Amino acid sequence: MLLHLFSSDGCTKIPGHKEQTEEGEISFFDPEKVYVPGVDNKGLPLDSRVEAGAEVKVGTLLGVRKDFGVPIYSPISGKVSAIVKKKSTVVGRPVDFIEIENDKKGERITLRPLEGEINQANVVAKLKEGGIVGLGGAGFPTFIKYNTKDPIDTILVNAAECEPYLTTDYVTCLKYDLQDMMKALKVLMDALNIKQTFLVTKLEKVKMLEKFQQEVDKFGDPRIKVKGIKSVYPAGFERTMISLALNRTYDKLPSQCGVIVNNFATVLAISRLFFYGETISNKVITISGLVKNPQNVSLPYGTLVKDAINYVGGYTAEKASLLLGGPMCSECQMSDDVPLLIQNDAITVTPVKTIREEPCLHCGNCIAHCPMNLMPVEINDAARRGDFDKCFDLNVLECVNCGTCSFVCPSHIEVSGQVKQAKLMTTIKCPRAQRKPAPAPKKEPAAEAKK
């Protein structure tokens, strides 16, 4: 176990289950309606939000998020028919969504492409104006990464796609020309004086590595290179990827070790913004598992999950677990009447399994495989005692919900779910987690009297 502990560094091998969709074509689905969040990730209403009755086109501004000031654009053309309540899988409760009826015309308005001097300020401003966020599941605003004051020498384009079932990056890479993406990477490197970019995917994805190399050779910029990394999970998590690709580590943010990590789909979206002024509308997602026709589908974000499931023929089982994303990081949904958010990259339908938990063996597997070097078993023990200050000291807020601890647990304990619950309770119960200022020290009466 000690040898494994020192060699694994949070990596493990898991089944891929990608055979359902990795060889197919990308189909296109144009739904009757979409639902775009009318709030930010904290549940606060968008600034300058459109009202019901407004006519919109692809790229019409719907509002601006209060949390990061990121604009939200319409993914389709048509009419705002209502402001309705739908469950947000980010906020965790029903919130306002902007319901847009699709006129199927696809009329688009665009921003101005990137103009002027190629420098950090202009690039950051354009990324913010375009509303670009991470499309690999996190949805973090991209402009913040490039607004860093840390010296950056490397960009990693994350195409590892290590979650089971997901094949969007793989199929998109093989089916499309990537020269615009190469041009966008050149712009990003020139703007921040970055020395190198690596297109990174797993060594087992031979066709993808070959396609990347063909595109790199065709573009001819020696700063852009291809990198294959070990086929382990979670290779797509930026901390693990930086370790595998560059043998670097950092404390809080990748910029601290001179690296910016962008998802493959995000860089494609950046290229459409830089050169054509297009905002994010359609995105490719993998719909797989217990559905009749598993496939990769290009659809507008905001599509209802149930509409997307019906498009691929519906379910093949009466009872199933519905996940927005892959089975490792995602939570089971109680209903398919939820909209796909801009960062969602998959719908996965898996069998319902009843697993009997056994008492914890304190074997240390969850600790040995945690990519954040946490102690999940200790966190859970502290949470059961209601000691959320201890959970905070055990760095529960650093958990990235990768699901590895549950996967490797020989007692079949839902470790990941329990840690996630502990993480939530710590933010509620522990003042330090809320970043509340310490109470001011009380002044002694005698000291007051002397004044």
Förster radius 30 Å - calculated FRET efficiency between Met334 and Phe140 (Cβ-Cβ, nearest 0.05): 0.70
Theoretical gain in end-to-end length, Glu101 to Ile83 [0.36 nm per residue, Cα-Cα removed]: 5.3 nm
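Beyond a 25 Å Cα-Cα separation, which of these cross-linked pairs lie in this structure: Lys195/Lys218; Lys57/Lys292; Lys390/Lys420; Lys13/Lys195; Lys128/Lys202; Lys57/Lys86?
Lys57/Lys292; Lys13/Lys195; Lys128/Lys202
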Space enclosed by the convex hull of the alpha-carbon atoms of segment 296-337, per residue, Å³: 94 Å³
Distance in nm between pseudo-label sites at Glu204 and Leu44 (7 Å out along the Cβ direction from Cα): 4.4 nm
Within the accessible area of segment 175-288 (1.4 Å probe), percent carbon and sulfur: 50 percent
FRET efficiency for Phe275 and Lys149, using Cβ-Cβ distance with R0 set to 30 Å, rounded to 0.05: 0.65
Debye-sum result for segment 150-216 in log10 I(q)/I(0), which assumes one identical scatterer on each alpha carbon, at q = 0.20, 0.27 Å⁻¹: -0.85, -1.23
Per-selection Kirkwood Rh - the chain (Cα, Å, 1 d.p.): 23.4 Å
Å² per residue, accessible surface of the chain at 1.4 Å: 47 Å²
Extension gain from Asp67 to Leu174, taking 0.36 nm per residue of separation minus the Cα-Cα distance: 34.9 nm
Alpha-carbon Rg with Dmax, taken over segment 33-95, Å: 11.1, 29
Two-decimal log10 I(q)/I(0) for segment 112-201, as the Debye equation yields it once each C-alpha is a single scatterer, q = 0.14, 0.15, 0.23 Å⁻¹: -0.57, -0.65, -1.38
P(r) of segment 252-361 over all Cα-Cα pairs, binned every 10 Å from zero, in whole percent: 12, 36, 26, 18, 6, 1
Stokes-Einstein translational diffusion, segment 265-329 - Kirkwood Rh over all Cα pairs, 1.567 mPa s, 4 °C, in µm²/s: 96 µm²/s
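The values are calculated or read from the model by the stated rules, or taken from the named source; none is laboratory data. Because the structure is a prediction, the values reported are computed rather than measured. In this analysis, Cβ positions are derived from the backbone assuming ideal geometry, glycine residues included, and neighbour counts consider all displayed protein chains. Please note that ligands, DNA and RNA were not included when accessible areas were found on the heavy atoms of the full protein model with its side chains. Shrake-Rupley method; radii C 1.70, N 1.55, O 1.52, S 1.80 Å.
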